[in-house]
Each structure stands twice: as structure tokens, then as C-alpha cells.
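**Q** A single structure is presented below for examination.
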Amino acid sequence: MIITKATALANPNTALIKYWGKQDEELILPMNNSISLTVDSLSTTTTVEFSEKYTEDQFFLNDEKQIGTPESRVIKHLSLLRSEANKNMSAKVVSKNNFPTAAGLASSASGFAALTVASCKALGLEKSEKELSMLTRRGSGSSSRSIFGGFVEWIKAGEGNESYTKQLADKNHFDIRDIVVIFKEQKREFSTREAMKISKETSSMIQGRLDVVDSYLERMRKAIAEKDFTLLGQTAEADCNLVHSIALTSKPKLSFWIDETLRTIKLVKTLREGGIEAYYTVDTGANMHILTLPQYAAEIETILNKIPYVVKTIVCKPGDGTKIVDNHLF
Ligand code: DP6
């Protein structure tokens, strides 16, 4: 009996210039380039086993068998990878996140990156990082940026209509901190995928952002290359506000910010006025990220941990890309 098994570990990434809107929903081609920071501390570990002993694909996340959308997205992705490898064995997928799932903390990014890398290894597919980014993109767009560590850009469509990611700078280039602030572990009203589709179809702000996003990307590349933290933080914050304005002007209105988000945004501004350089960014969950420099991280964390509505903080450094590991989950 043929059995092939592999395990991969992936870190999520925090979008500094966000991916928001698709040109092609099936191929997952984004409307704009995006730039992110792959972080350490948060991770997804996934073991994939393809075997003739399985009669169907099965997906377990954090010890629970998944059904519905999470399962069907994983099965669709496994089928893509199987056809790439010309194999047809079913698979068992066991995945563990060390952080809350579907709470706007990029679990689909690390989830699909780990799934893609482990599956390719198990299927005997030898792929470059660029090729892995193009494959994992089909599972979830933002996962393409988690293939690489450090600062990463996702190119919307390069030569031959290829859309892939590349590393702008490795994790040692620019030592910044991303403090993840968790308010409560909650599921969202709309998935990111649905929200992106609704806002592309209904928000009059979408084109406005596309008109300026190239200049934001340019500023972000410069900020990273020149290690200009002020420029990085200001640009990330401005892009975050633009993306959430698109969400707010969609029909139905998509609001990912809760009271705690607004209060923490105020706190970030107060910190800055007091000489502590910090900037915020928020994805599609109620939780948020505070970007800062290493010398301020402990003080900000102490302040946050005294706030009753803050459940947890996790200080992340720039992290590694997705890698194969030896310890299988089953
Ligand atoms: C707000 O990659 O989760 O986090 O491609 O539909 O799976 P799909 O979407 P996903 O979107 C992430 C959106 C974001 C911004 C970003 O990560 O760039």
C-alpha cells in the first residue's frame, strides 16, 4: 500500500498594504499588489497523509473534524495539488493553530501555506518558492505571502499573467514588532472571501483605493528598503483606513471594528503623542495589530495588559517562511 506523509509549519502574515478585491475569483488573482510581514510566534502546523487506505478526504482542525466550507475549501485545494502531481489518493489532513482561528488573525494564510507545502512534499512535487506561492494562492490569496519569511510582496499579475510572491527583505533586515491584540475569540459575520466580493460589487470607494494603491506600495517598498519605520507605520495605517472605508461603504455595510478597536486606535494615537512610535492595522476580525519598534514593545504590552477589554497580547517579530518539519501530528 502506498502511503506518503509530510508535515509543514507556516506563520501568518500581517498585511501592511492589503489585498482587497479579486480580478478573478476562481484563479484568485488580486486587483492590487500587496505587501506583508510574515510574523513569528503565531503558527499553523499541518500533517497531510495521502494513502490508498482512505476512501475520502478528511480535515481535522484543532482536534475537530471540519465540515461545510472549511472542509470543502481544503478538499478543493487537495484536488488541485493531486492533479498537479497526477495522483488520486485521498488524504487525511490534521492541522493545529496556536492562535484563535477565523478571528482576523490570518489563519487562512498560514493554514493554506502549511497545507500546500506539506501536500507538495507528500505528493513528491518539487516546487520552487515562487511556484509554491502560485499554488497556495489558489487556496487562499494571502497564503501566498506566507511562503516567504520577512517582508513580502504579492505581484497581482506579472509576465504571462502569473501572480506570485517574492521576498522584499528577510526577517533580519528590519527589526520591528507586531503586537497582536486580542479582544475576544469570536467568529465573524461575513467571511473575508464574502466581504471582499460584496465590497468589490457594491462599494463606490473600491476604485478610489485602486487609484492610489500604487503610490502606497511605492512608499511601503521605500520604507522597508530604507528601514524608515515612520513611513512604514503611517502608510500601513493609511491603507488600513482606506480598506475599512471600502468595507463600511459596501451594501450591506461591513464593519469589522468594534468599540474596543476604536478605543485602542485612540490609545495608539495617545502613545504617539507621548513619544512612543506605534501604528495600528486591522484585518477582517475585531482584533488588531500594533506595529512598533523593539524598544517600545514591552511598555506598550504592559499598558495593553492593564486594559480590561484586552484578553491577550502576543508580541511578534519578523518570522520565517513555511517549512517542512519532522514532527507529524498523527
Ligand atoms: C483583509 O487571503 O483570506 O487579510 O483569497 O478569499 O482566501 P481569500 O482571502 P484572504 O484575504 C485576506 C484579506 C486581508 C488583507 C490581506 O491579508 O492582505
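**Q** Kindly establish whether SER41 is of a type in the set (S, T, N, Q) and at positive phi.
**A** yes
**Q** Condition check: free of Cβ contacts under 8 Å to residues at least 40 places away in the same chain and surrounded by 14 or more Cβ atoms within 10 Å (Cβ to Cβ). Does ILE290 satisfy that? Talk me through it step by step, then tell me what you get.
**A** Details: free of Cβ contacts under 8 Å to residues at least 40 places away in the same chain: no; surrounded by 14 or more Cβ atoms within 10 Å (Cβ to Cβ): yes.
No: the conditions fail for ILE290.
**Q** Now for a different question. Condition test on LEU81, is it within 11 Å of the ligand (Cβ to nearest atom) and aliphatic (A, V, I, L, M)? Please lay out each step first, then the result.
**A** Values: within 11 Å of the ligand (Cβ to nearest atom): no; aliphatic (A, V, I, L, M): yes.
No: the conditions fail for LEU81.
**Q** Could you figure out which of (1) hydrophobic (A, V, I, L, M, F, W, C); (2) part of a loop (DSSP other than H, G, I, E, B); (3) surrounded by 24 or more Cβ atoms within 10 Å (Cβ to Cβ) isn't true of MET1?
**A** Every listed condition holds for MET1 apart from (3).
**Q** Just to be sure I understand, how many residues within segment 55-64 are surrounded by fewer than 16 Cβ atoms within 10 Å (Cβ to Cβ) and modelled with pLDDT of 95 or more?
**A** Count: 2.
**Q** Further, regarding this structure: For segment 304-316, give me each residue that is surrounded by fewer than 16 Cβ atoms within 10 Å (Cβ to Cβ) and not polar (S, T, N, Q).
**A** Within segment 304-316, LYS306, ILE307, PRO308, TYR309, VAL311, LYS312 qualify.
**Q** Does THR44 satisfy being buried (at least 16 other Cβ atoms within 10 Å of the Cβ), within 16 Å of the ligand (Cβ to nearest atom) and over 23 Å from ASP239 (Cβ atoms)?
**A** yes
**Q** Output the residues belonging to segment 182-225 that are closer than 22 Å to CYS316 by Cβ and modelled with pLDDT of 95 or more.
**A** MET220, ARG221, ALA223, ILE224, ALA225
**Q** Only one of these conditions is not met by GLY275: (1) modelled with pLDDT of 95 or more; (2) surrounded by 15 or more Cβ atoms within 10 Å (Cβ to Cβ); (3) part of a loop (DSSP other than H, G, I, E, B). Which number is it?
**A** Exception for GLY275: condition (2).
**Q** Quick check, is LEU217 in a helix (DSSP H, G or I), among the aliphatic types (A, V, I, L, M) and under 19 Å from the mean Cα position of the chain (by Cα)?
**A** yes
**Q** Right, here's the next one. Residues that are within 14 Å of the chain's Cα centre (by Cα) and either under 18 Å from ASN11 (Cα atoms) or touching a residue at least 24 places away in the same chain (Cβ under 8 Å) (or both): find the strands (runs of 3 or more DSSP E) completely inside segment 122-209 holding 2 or more of those.
**A** Passing ranges, in order: 151-154, 177-182.
**Q** Next question. How many of the residues making up segment 28-54 are at pLDDT 95 or above and either hydrophobic (A, V, I, L, M, F, W, C) or over 25 Å from SER79 (Cα atoms) (or both)?
**A** The total comes to 14.
**Q** Filter segment 196-215 for residues that are within 30 Å of PHE99 (Cα to Cα) and surrounded by 20 or more Cβ atoms within 10 Å (Cβ to Cβ); which is nearest to the ligand (Cβ to nearest atom)? Lay out the reasoning, then the answer.
**A** Restricting attention to segment 196-215, the residues satisfying the condition of being within 30 Å of PHE99 (Cα to Cα) are 196-200.
Still in the running and surrounded by 20 or more Cβ atoms within 10 Å (Cβ to Cβ): 196, 199.
Working: MET196: 6, SER199: 11 Å.
If we take residues in segment 196-215 being within 30 Å of PHE99 (Cα to Cα) and surrounded by 20 or more Cβ atoms within 10 Å (Cβ to Cβ), then MET196 is nearest to the ligand (Cβ to nearest atom).
**Q** Separate question: Output the residue which, of all residues in segment 1-41 that are touching a residue at least 12 places away in the same chain (Cβ under 8 Å) and of a type in the set (Asp, Glu), is farthest from the ligand (Cβ to nearest atom).
**A** ASP40
**Q** Consider GLU153 carefully, then state whether it is away from the ligand (no atom under 15 Å from the Cβ) and on the phi < 0 side of the Ramachandran plot.
**A** No.
**Q** Applying the selection to segment 308-330, what residues are touching a Lys or Arg at 6+ places or on another chain (Cβ under 8 Å), modelled with pLDDT of 95 or more and among the aliphatic types (A, V, I, L, M)?
**A** Step one: list which residues in segment 308-330 are touching a Lys or Arg at 6+ places or on another chain (Cβ under 8 Å), which gives 309, 311, 315-320, 324, 328-330.
This time we only want the ones that are modelled with pLDDT of 95 or more, so: 315-320, 324, 328-330.
Hits for segment 308-330 are VAL315, ILE324, LEU329.
The values are calculated or read from the model by the stated rules, or taken from the named source; none is laboratory data. Owing to the predicted nature of the structure, the values given are computational and were not obtained by experimental measurement. So basically every Cβ, Gly included, is an ideal-geometry build from the backbone, and we count neighbours across all protein chains shown.
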